[in-house]
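Following: one structure in structure tokens, then a few remarks.
The values are calculated or read from the model by the stated rules, or taken from the named source; none is laboratory data. Not measured: the values here are computed from a predicted model. Positions of Cβ are backbone-derived with ideal geometry, glycine not excepted, and every protein chain shown enters the neighbour counts.
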Amino acid sequence: MLSDTEVNEEEERIRQRVRQLPDDKRFVFFQKTEKQLKDPDTYATLNYLFVAGLHHFYLGNWVRGLINLAVFLAGMIMLFTPLFILGILLIIAISVVELFALFKSQIIVQAYNNAVMNRIYQEIVRDYRQ
């Protein structure tokens with residue numbers, strides 16, 4: 001379970017480390033992060049409009065996205081068969097599971113962005129030392 005406090009503290013630790021970089025390295029850091037950071041509103045919109053798991057693809061979580069999409073599509077197909085009750089249950093189940101991602105979209109994307117910033121910071125520091 002993602003904690004708002006922990007994610008915010010991690011972001012602040014990364015920002016403090018980035019402030020200590022030389023100007024040229026800090027510039028490179030911001031150039032790289034600008035291209036790779038994700039928008040929480042886009043994530044939430046994808047989740048809200050398409051329960052099928054497209055928001056997972058947005059963050060690069062292909063396996064989870066494919067599982068969600070498969071369950072959702074299976075439920076949709078079952079709606080047109082004698083198993084329509086099971087189809088309704090599958091769609092409801094995937095919707096309930098994904099409500100967490102909808103309500104926690106800000107913190108989920110912030111944690112993702114922290115991981116991106118940390119990775120880029122580590123690359124820059126490694127290159128800087130060489």
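Only helices (runs of 4 or more DSSP H) wholly contained in the range 20-100 count here; list those with 2 or more residues that are more than 25 Å from ALA115 (Cα to Cα). Helices (runs of 4 or more DSSP H) meeting the threshold: 62-78.
When we screen ALA44, ALA115, ALA101 for residues that are among the small types (Gly, Ala, Ser), in contact (Cβ under 8 Å) with a residue 60 or more places away in the chain, out of contact with any Pro (no Cβ under 9 Å at 6 or more places or on another chain) and closer than 29 Å to THR5 by Cβ, the only hit is ALA44.
Yes or no, residue by residue, for (1) over 30 Å from GLU12 (Cβ atoms); (2) touching a strand residue (DSSP E or B) at 6+ places or on another chain (Cβ under 7 Å); (3) at pLDDT below 90:
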{"site": "VAL96", "(1), (2), (3)": "yes, no, yes"}
{"site": "PHE103", "(1), (2), (3)": "no, no, yes"}
{"site": "ARG119", "(1), (2), (3)": "no, no, no"}
{"site": "ARG129", "(1), (2), (3)": "no, no, yes"}
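Here is a yes/no grid of residues against (1) aliphatic (A, V, I, L, M); (2) surrounded by 13 or more Cβ atoms within 10 Å (Cβ to Cβ); (3) under 30 Å from GLN31 (Cβ atoms); (4) out of contact with any Leu (no Cβ under 6 Å at 6 or more places or on another chain):
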site: HIS55; (1), (2), (3), (4): no, yes, yes, no
site: ASN68; (1), (2), (3), (4): no, yes, no, yes
site: PHE80; (1), (2), (3), (4): no, no, no, yes
site: VAL96; (1), (2), (3), (4): yes, no, no, yes
site: PHE103; (1), (2), (3), (4): no, no, no, yes
site: ILE107; (1), (2), (3), (4): yes, yes, yes, no
